[in-house]
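Everything on this sheet refers to the single structure shown next.
The values are calculated or read from the model by the stated rules, or taken from the named source; none is laboratory data. What you see is a predicted model; the values in this text were computed from it and never measured. Note that we place each Cβ from the backbone using ideal geometry, even for glycine, and neighbour counts take in every protein chain shown. The accessibility values were calculated without ligands, DNA or RNA, using every heavy atom of the protein model including side chains. Shrake-Rupley method; radii C 1.70, N 1.55, O 1.52, S 1.80 Å.
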Amino acid sequence: MIDVRPSQQMRDLGVVQHGAGILAEPARAFDLPAERDEAERITDELFAAMERIGQVHPFAKGMGIAATQIGIARAAAVVQPPGDVPAIVLLNPKITDRSDEMDEQYEGCLSFFDVRGLVPRPLEITVETVALTGETVITVYERGLARLIHHEIDHLDGLLYSARMRTGVEPIPVKEYRQTGRAWAYE
């Protein structure tokens with residue numbers, strides 16, 4: 001049996017990998033409600049990608065995917081929180097406030113799935129999104145869900161989690177990460 005690296009597995013499932021230019025560029029916002037059909041189409045593609053990925057990798061702590069990760073440079077992402085709760089669709093998301101209180105946890109990323117990185121993030125964020133109708137929606141997210149949402153918004157801003165890591169801290173191989181006992185996001 002051939003052992004396929006996790007990042008290769010994600011590439012095979014249609015996830016754009018680290019080094020691709022689209023991951024380093026800010027995504028283009030939607031003009032809603034005028035681009036409602038386009039936003040719905042892209043959201044459907046994100047859900048389809050999550051379904052494919054979820055069939056080969058369990059995500060007990062939740063997962064998310066941004067449109068840029070499937071090669072679409074538009075400001076859309078979907079986050080599936082842990083447990084049996086509805087997914088969160090983010091269109092044109094912006095973080096408008098964040099708590100001063102932070103924590104540092106390991107994160108993984110579908111776009112470089114061979115490693116995990118220790119990332120400091122605020123424990124609470126306020127996010128402004130736009131509904132398909134064009135209305136502004138403001139939501140406060142806390143702890144693990146704030147981390148998931150922030151990670152996806154970073155993607156739409158052209159940032160990978162490694163840009164948020166403390167100076168001198170590098171991502172570690174998945175095997176080493178699993179030995180830390182600090183399993184967190186995306187595992």
Inset, instruction - Quickly rank 152-164, 74-86, 26-38 as a protection proxy: mean count of other C-beta atoms within 10 Å, highest first. - result: 152-164, 74-86, 26-38
Legend entry - Value at 222 nm in deg cm²/dmol, rounded to 500, when DSSP H runs of n ≥ 4 in the chain each add -39,500 (n - 2.57): -8000 deg cm²/dmol
Legend entry - Amide proton proximity set for V137, modelled H, under 5 Å, gap of 5+: T129, V130, A131
Inset, instruction - Measure off, as a whole percent, the carbon and sulfur share of the 1.4 Å-probe accessible area of segment 1-125, all protein chains present. - result: 51
Legend entry - Size-normalised alpha-carbon gyration radius of segment 1-90, reference 2.2 N^0.38 Å: 1.15
Inset, instruction - Rounded to whole Å and sorted largest first, list the principal axis extents of the Cα atoms in the chain. - result: 47, 42, 34
Inset, instruction - Starting from the Cα gyration tensor of segment 66-114, take the square roots of the eigenvalues, sort them a ≥ b ≥ c, and report rounded, prolate or oblate (rounded when a/c is under 1.5, otherwise prolate if a/b is larger than b/c, else oblate). - result: rounded
Legend entry - Whether segment 98-183 is rounded, prolate or oblate, judged on the alpha carbon gyration tensor where a/c under 1.5 counts as rounded: prolate
Legend entry - Under-5 Å amide H pairs with Q105, H placed in peptide plane, nonlocal only: V119, R121
Legend entry - Solvent-accessible heavy-atom area per residue, rounded to whole Å², over the chain at 1.4 Å: 50
